[in-house]
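Read-outs: derived from the displayed coordinates by stated rules, not from any lab. Nothing here was measured: the structure is a model prediction, and the numbers come from that model. Ideal geometry is used to build each Cβ from the backbone, glycine not excepted, and the neighbour counts take in all protein chains shown.
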Amino acid sequence: MAAVPPPHSLRDLAACRGLWFGACVAPTPLAAEPDYAALLRRECNVLTPENDMKWGPIHPAPDRYDFSRADAIVRFAEADGIAVHGHTLVWHNQNPAWLPTAADSRDAAQRILRDHIAAVAGRYARTVAAWDVVNEAVADDGTLRRTLWLERLGPDYLAFAFRAAAEAAPQARLLYNDFGAEVINAKSDAIHRLLSDLLGAGAPLHGVGFQCHLSGTGPDLERFARNLERFASLGLDLYVTELDVRLPLPTTPESLERQASIYRGLLETCLQQPTFRGLQTWGITDRHSWIPGRFPGTGAALPFDEQCRAKPAYHALRTILAEA
Ligand code: G3I
């Protein structure tokens with residue numbers, strides 16, 4: 001590995017391994033908080049818009065798109081040579097209120113989906129390096145989640161979406177992204193079958209994103225490794241897309257060290273996979289994390305604290321990436 005000039009930021013260390021390290025980002029604090037923006041510039045070589053490329057925010061009316069917040073994030077990233085990871089072109093959540101009524105038939109749903117992907121992925125065809133094309137299509141029991149898209153278009157909506165994304169953004173890496181599928185279980189079994197079938201049907205699918213929203217002691221690393229291997233054996237690139245490790249509040253030195261060991265073990269396991277492409281956390285500082293609102297009484301899930309000070313988890317990641 002090439003020598004890394006000090007300071008050894010995660011961005012520098014990841015780049016020297018040909019990997020991504022990054023986070024999701026929100027445009028309001030990006031514009032209003034210089035320490036948040038500086039932290040992202042220093043530590044990240046990829047950024048994912050946390051919400052602003054989702055259907056609701058970017059396509060608020062049938063005939064109207066609002067690219068303003070996504071464009072602000074893309075401008076910030078481009079100005080500093082930071083890649084952009086698009087999120088997400090097909091999901092069951094955060095859709096605009098008009099969608100179910102407008103997509104009231106197979107033909108209407110197909111047209112709306114195709115037009116949306118063409119407009120959004122097409123706009124960022126030269127700037128978004130990878131897309132979460134389909135997000136969370138599989139339920140915890142392994143069945144296809146009953147979403148508007150499944151109801152209107154049947155299971156073929158996934159291949160349709162990947163083909164539309166490839167047509168709109170031929171240079172982008174196209175991912176399937178999900179949570180709760182880090183180890184071998186009913187859900188990851190189903191996703192493995194689903195992606196194998198998509199590849200068998202010739203869908204332009206390049207990678208799989210493991211969200212890794214973690215708590216407690218983290219995943220069994222042996223089962224995580226075996227799961228990564230079987231997805232890699234499909235020829236897919238592997239991504240950790242939304243890592244956070246929530247802790248009971250208030251934190252203690254022991255809980256922060258436990259968190260660091262989970263971050264460390266996860267990255268060490270990923271680095272054993274030749275097609276591992278990068279790790280992104282879902283936020284970079286505890287000041288901006290979805291966790292406290294979703295899991296009251298927990299938080300402190302990210303590598304930097306609310307004052308943007310590095311935590312043991314950050315040092316764990318940096319130590320692993322700095323190892324030869
Ligand atoms: O922008 C509106 C604002 O105008 C309004 O005043 C406010 C109160 O209603 O809501 C704001 O929208 C919120 C949005 O975040 C932006 O802050 C939505 O209500 C809220 O539901 C949304 O939560 C996001 C969540 O996805 C649901 O889409 C979280 O920030 C975001 O971190 C989370 O991210 C997801 C990934 O996309 C997929 N994987 C799981 C992950 C965690 O749920």
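For this structure, a couple of remarks:
- With N counted as the residues of the chain, its alpha-carbon radius of gyration over 2.2 N^0.38 Å works out to 0.96.
- Neighbour net charge for Cys44 - beta-carbon separation under 10 angstrom, K R +1, D E -1: +1
- Helix-only CD estimate at 222 nm, as mean residue ellipticity for the chain, using -39500 (n - 2.57) per DSSP H run (n ≥ 4): -12500 deg cm²/dmol
- Fewest-first ordering of Trp98, Trp131, Trp55, Trp20 by other beta carbons within 10 Å of each residue's beta carbon gives Trp98, Trp55, Trp20, Trp131.
- Degrees separating the helix 253-271 axis from the principal Cα axis of the chain, which is the longest one: 60 degrees
- With Cα atoms defining each centre, region 14-74 and region 77-137 are spaced 15 Å apart in the structure.
- Among the trypsin sites (Lys or Arg not before Pro) within region 159-193, not one is in coil by DSSP while having at most 14 neighbouring Cβ atoms inside 10 Å.
- Cβ-Cβ FRET estimate between Leu144 and Gln307, R0 fixed at 35 Å, reported to 0.05: 0.20
- Remark: spin-label model distance Leu221-Glu151 equals 4.4 nm, labels positioned 7 Å along the Cα→Cβ axis.
- Exposed loop sites here are GluC sites (Glu not before Pro) assigned a DSSP state other than H, G, I, E or B and surrounded by at most 16 other beta carbons within 10 Å; excluding them, the longest clear run of the chain is 1-305.
- As a proxy for reagent exposure, ranking Asp189, Asp244, Asp104 by other Cβ atoms within 10 Å from fewest up yields Asp104, Asp189, Asp244.
- In loop segments of region 221-324 as defined by DSSP, the trypsin sites (Lys or Arg not before Pro) with at most 14 further C-beta atoms inside 10 Å of their C-beta are Arg309.
- Residues Thr88, Thr48, Thr28, Thr269, sorted so that the one with the fewest Cβ neighbours within 10 Å comes first: Thr28, Thr269, Thr88, Thr48
- Using a Förster distance of 30 Å, the FRET efficiency for Thr298-Asp189 (Cβ separation, nearest 0.05): 0.55
- Acute angle (nearest 10 degrees) that the helix 68-79 long axis makes with the longest principal axis of the chain, alpha-carbon atoms: 50 degrees
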